[in-house]
Amino acid sequence: MEVPLVEIFSSVQGEGKYVGCRQVFVRFADCNLRCRYCDTNFECRGQWQLNDLIVEIERLMAEVPTHSISLTGGEPLLHWGVINELARRLSGTKIFLETNGTLVDELERVIDVIDIVSMDVKLPHSIGRDVFEDHRRFMSTARRKDLYVKVVLDGETTVEEFDRAVEVIGSVSRDILLILQPVTVVEGIRAVPSSDLLKFQARALRHLSDVRVIPQTHRLIDVP
């Protein structure tokens, strides 16, 4: 089985609920979305044989105690068959899925082998279309595991689309953890004002039980 990868490395989780935890990151190539603020190059840099990938993961895990294996991208669920085989071969290791939360059928095929789901909620202005119903269905399945969701906020985020995102999350469960992540500015993207961050958090807390503001901390300390 060949696996199209961008890179594999050991570092700390820089976003969300498990920020600071040591992980081995397996970054898959390709994505089904094109987000305005994306700061990741997900073009394939090489086809790995599955056996070689397993050996490299185990080598990195042996070097330092590791919380989990982060399957990221791009969009890792485009490679759901590889995910199932990786989880089988790495039995006993926590599998951490970082996903854009739109590939519902693919999630159903791997949910039994996933331990943690870190799901992005994509606002319409960032991808040019509304995928809220996909998100609702995705969360309904993902909440069987340790699920939290992230919303990236930038200078173009509107109250209307943000409130819609909160409504969709709350319709699945008000107890789903929501992370508000101020955008890491890239060319053409405006930062969200800090005062707006607090206003967005206050709005979400009216409907959800746990809402946290956490930036991309790995960018602050300059690690991959």
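We did not get these values from a lab; they are worked out from the coordinates using the rules stated. Nothing here was measured: the structure is a model prediction, and the numbers come from that model. So basically every Cβ, Gly included, is an ideal-geometry build from the backbone, and we count neighbours across all protein chains shown.
Taking the Cα atoms only, what angle lies between the long axis of helix 194-205 and the longest principal axis of the chain, rounded to 10 degrees? Approximately 90 degrees, to the nearest 10.
Take every DSSP beta bridge with both residues inside the chain and express the antiparallel ones as a percent of the total, to the nearest 5.
Details: 11 of 37 bridges.
Of all bridge pairs located within the chain, approximately 30 percent are antiparallel.
What is the diffusion coefficient of the range 111-224 in µm²/s, taking the Kirkwood radius over Cα pairs and the Stokes-Einstein relation at 10 °C with a viscosity of 1.306 mPa s? My calculation gives 108 µm²/s for D.
Helix 80-89 axis versus longest C-alpha principal axis of the chain: approximately 50°, rounded to the nearest ten. Taking label positions 7 Å along the Cα-Cβ direction at both residue 219 and residue 130, the computed distance is 2.9 nm, reported to one decimal. Report the Cα centroid-to-centroid distance between the range 166-224 and the range 117-143 in angstrom, as an integer. Between the Cα centre of the range 166-224 and that of the range 117-143, the gap is 15 Å. Using the rule -39500 (n - 2.57) for each DSSP H run of four or more residues, divided by the residues of the chain, the 222 nm mean residue ellipticity is -10000 deg cm²/dmol.
The angle separating the long axis of helix 159-172 from the principal Cα axis of greatest extent in the chain is about 60 degrees. The base-10 log of I(q)/I(0) for the range 1-89, evaluated at q = 0.11, 0.12, 0.14, 0.16 Å⁻¹, reads -0.30, -0.36, -0.49, -0.64 [Debye formula, identical scatterers on Cα atoms, solvent excluded]. Distances between every pair of Cα atoms in the range 57-183, grouped in 10 Å steps from 0 to the bin holding the largest one, split as 12, 43, 30, 13, 2 percent. Counted by neighbouring Cβ atoms within 10 Å, the residues 30, 112 run from fewest to most as 112, 30.
Could you list, bin by bin from short to long, the percent of Cα-Cα pairs of the chain in 5 Å steps? Computed distribution, short to long bins: 1, 7, 15, 19, 21, 17, 11, 6, 3, 0. Within the straight-line cut-off of under 16 Å between alpha carbons, the lysines reachable from residue 145 are 17, 94, sequence neighbours fewer than 8 places apart in one chain being disregarded.
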